[in-house]
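Report on the following structure.
Here, each number is a calculation from the coordinates, and none is a lab measurement. It should be emphasised that the depicted structure is a prediction, and the values quoted were computed from it without experimental measurement. As a convention, Cβ positions derive from the backbone with ideal geometry for all residues, glycine included, and neighbour counts pool all protein chains shown.
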Amino acid sequence: MKLFSYFRSSASYRVRIALNLKGVRYTQVPVNLKQGDQLLDEYASVNPQRLLPALETTDGLLTQSLAIMAWLDEKFPERLLVLGGSEQRAKIRSLAAILGCDTQPLQNLRVLKYLSSELGVTDSQRLAWSQHWIRDGLNAFDAQLKGDQFSVGKIASLADICLVPQLYNARRFGINVDAEFPRLAEIDHHCATLEAFQRALPENQPDHSVD
C-alpha cells in the first residue's frame, strides 16, 4: 500500500496509527501541505479534493481518513478499530466523529489560511479561533468518557486514534493538555506505550525534517 501523507497532518496521523495497529505494511509518499504540494495538478489526479490522506490499495485509491479506517476494518478484521457490542461501537464512532468531523477540520491549514488571507484575521485572532474549537471538541469528548484505560474500554480503538493526533495539535496551539485535560492526557500516555502509536508520531516520519 502507498499512503500519501504529511507528517503533521492529523488525518494522515490517524491512518498511520490504524495501519500500524493492524500490522499492514505501507510506504509513504510525502505531500508537503505547507509548501502547497497538495494544490499541484499532479496530486489533484490522485485526490481531486486536494486533501490528505489518500491510500493507494489493490482495491483502488481511497480518501478521507474515517472512510479509509472503515475500509481497513473490513479488509483486516483480525484487529478491529471499532469493536465490542453495538452500543460500544456506536460510542467509539461518536467520539471519533467529535474530533474527526467537528473539531479538527476547523483548525486545519486551509481554514486558517482562509481566515488570514480572505477575512483579514490576525495571527492572535487565528490562534484564539483554533484554541476555542480545540477546547470545545476536547471538552465534549472528555465529558463522554467513563474512566476506562483507553477512551472506550481496555483496548485502543478508533476513538483513541482520533484523540492522539488532536492532542498533538492542541499542544502545538499552546494548550496545556496535562493541566486542562488530565483524563485525556492519561489516555494519551497509555497510547504512547504502544508501538503502533510510537511509529506514527510526526517526528518519526520520513518527511519530518522537510517543513
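Some notes on this structure:
- Applying 1/(1 + (r/R0)^6) with R0 = 22 Å to the Cβ-Cβ distance of GLN131 and LYS34 gives a FRET efficiency near 0.60.
- A crude spin-label estimate for the pair PHE173 and GLU56, with each label 7 Å from Cα along the Cβ direction, gives 3.3 nm.
- Neighbour-count ranking [beta-carbon atoms within 10 angstrom, fewest first] of PHE150, PHE173, PHE141: PHE173, PHE150, PHE141
- Among beta bridges identified by DSSP and lying wholly in the chain, the antiparallel ones come to about 65 percent.
- Based on the Kirkwood approach, the hydrodynamic radius assigned to the chain is 17.6 Å, with every pair of different Cα atoms included.
- Label point at ARG79 placed 7 Å out along Cα→Cβ; residues across the stretch 5-29 whose backbone nitrogen lies under 17 Å: 13-27
- In this label model, TYR26 and ASP148 are separated by 2.3 nm, measuring between points 7 Å along each Cα→Cβ vector.
- With neighbours defined as other Cβ atoms within 10 Å of a residue's Cβ, the residues MET1, MET69 order from fewest to most as MET1, MET69.
- Spin-label model, LYS2/ASN204: points 7 Å from Cα along the beta carbon direction are separated by 2.5 nm.
- Candidates LEU112, LEU158, LEU167: whichever shows maximal mean-square fluctuation once the chain is modelled as a Gaussian network with Cα springs under 10 Å: LEU112
- Here the stretch 2-79 carries DSSP beta bridges of which approximately 65% are antiparallel, counting only pairs with both residues inside.
- The fraction of Cα-Cα pairs per 10 angstrom bin, counted from 0 for the stretch 27-129, comes to 12, 33, 32, 18, 4 percent, rounded to whole percents.
- As a proxy for reagent exposure, ranking LYS146, LYS91, LYS22 by other Cβ atoms within 10 Å from fewest up yields LYS146, LYS22, LYS91.
- Cα-centred dipole magnitude for the chain, charges only on beta-carbon of K, R (+1) and D, E (-1), debye, nearest 20: 160 debye
- Note on the stretch 1-158: dipole from Cβ charges, positive end direction compared against GLN64, GLY85, THR122; the farthest Cα belongs to GLY85.
- Placing unit charges on the Cβ atoms of the charged side chains and taking the dipole of the stretch 96-157 about its Cα centre, the candidate lying farthest along the positive direction among ILE155, VAL111, LEU99 is ILE155.
- Estimated from the Cβ-Cβ distance and a Förster radius of 30 angstrom, the FRET efficiency linking GLU195 and ALA44 is about 0.30.
- Unit Cα scatterers, Debye sum, the stretch 2-79: log10 I(q)/I(0) for q = 0.24 Å⁻¹: -1.14
- Of ARG199, ARG16, ARG172, the one that fluctuates the most in a GNM where the chain has Cα springs shorter than 10 Å: ARG172
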